[in-house]
2 protein chains.
Amino acid sequence: MSTREIADQLVRMCRENQFHQAMEALYAPDIVSVEAGAPPGGSRESKGMDAVRAKGEWWATNHEVHSSTVEGPLVAGSHFAVTFKFDVTFKPQNRRFTMEEIAIYKVADDKIVYEEFFYNM
Amino acid sequence: MSTREIADQLVRMCRENQFHQAMEALYAPDIVSVEAGAPPGGSRESKGMDAVRAKGEWWATNHEVHSSTVEGPLVAGSHFAVTFKFDVTFKPQNRRFTMEEIAIYKVADDKIVYEEFFYNM
């Protein structure tokens, strides 16, 4: 599949709130995922499907999503960019907030092998 | 100015091939610019207007641009993404090639303070 086909599929699935399913369908086993900042005592980088799946599960468990918007993709060569805007409640603190981020993805051999998120800390 | 206003201005100027003018108008003095890879013996990162200006001048001097396309922006919070597609000749080797990249920008205090380019090496 072309970068654009992978990008369009990711966007379509995320718009249907199928974030977990998109990850399982489109990510390579050795996916590298990079956050804008590291959690306390942790690393910005998660390597491999197990680590990335765990990060996704933590997020899904701890946030109630009131609404989300996905824009894009912009495609260039093997890379594409998407924006995510979320209105969520962080359940452990019952704190509602909005967040906006840009995600950059790299595709190789028909799978997403790299993702990096850009947002203010 | 909002992130979107800065982003729209950058895109408009780049579409008119005013890359240098966009940099002078929109970049903060302490701009940080990050390439996908480092040149031999060099760093991925250029810091400050003098270094970023020098990188831009090297590029402009060594490439003849036959055509260029700018897509975007995608805007999220303080960040935005743009794609650039160039058909250029690298003059020292008289070698014509196309390149596609995604650029991510961060805005603070009405100026671009960070840019990072994503392309295959």
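Taking the criterion of being touching a Phe, Trp or Tyr at 6+ places or on another chain (Cβ under 8 Å), outside any strand (DSSP E or B) and more than 16 Å from B:Ala22 (Cα to Cα), the only residue of the stretch B:43-73 that qualifies is B:Asn62.
Quick check on A:Met99: is it in a strand (DSSP E or B) and within 14 Å of another protein chain (Cβ to nearest Cβ)? So A:Met99 passes the test.
Taken as a whole, the stretch B:104-119 holds at least one residue that is touching a helix residue (DSSP H, G or I) at 6+ places or on another chain (Cβ under 8 Å), among the aliphatic types (A, V, I, L, M) and either within 14 Å of chain A (Cβ to nearest Cβ) or on the phi > 0 side of the Ramachandran plot (or both). As a summary of the residue check, B:Pro29 satisfies the conditions (1) without any contact (Cβ under 8 Å) to a residue 12 or more places away in the chain; (2) surrounded by fewer than 15 Cβ atoms within 10 Å (Cβ to Cβ); (3) not small (Gly, Ala, Ser) except for the one numbered (1).
If the condition is being closer than 19 Å to B:Lys106 by Cα, of a type outside the set (S, T, N, Q) and exposed (fewer than 14 other Cβ atoms within 10 Å of the Cβ), then the stretch A:69-121 contributes only A:Met121. Across the stretch B:72-96, the number of residues qualifying as within 12 Å of another protein chain (Cβ to nearest Cβ) and among the hydroxyl-bearing types (Ser, Thr, Tyr) comes to 2.
Each reported figure results from applying straightforward, stated rules to the coordinates on display, with no laboratory input. This one's a predicted model, so the numbers in the text were calculated from it and none came from an experiment. Virtual Cβ from ideal backbone geometry, glycine too; neighbours counted across all protein chains shown.
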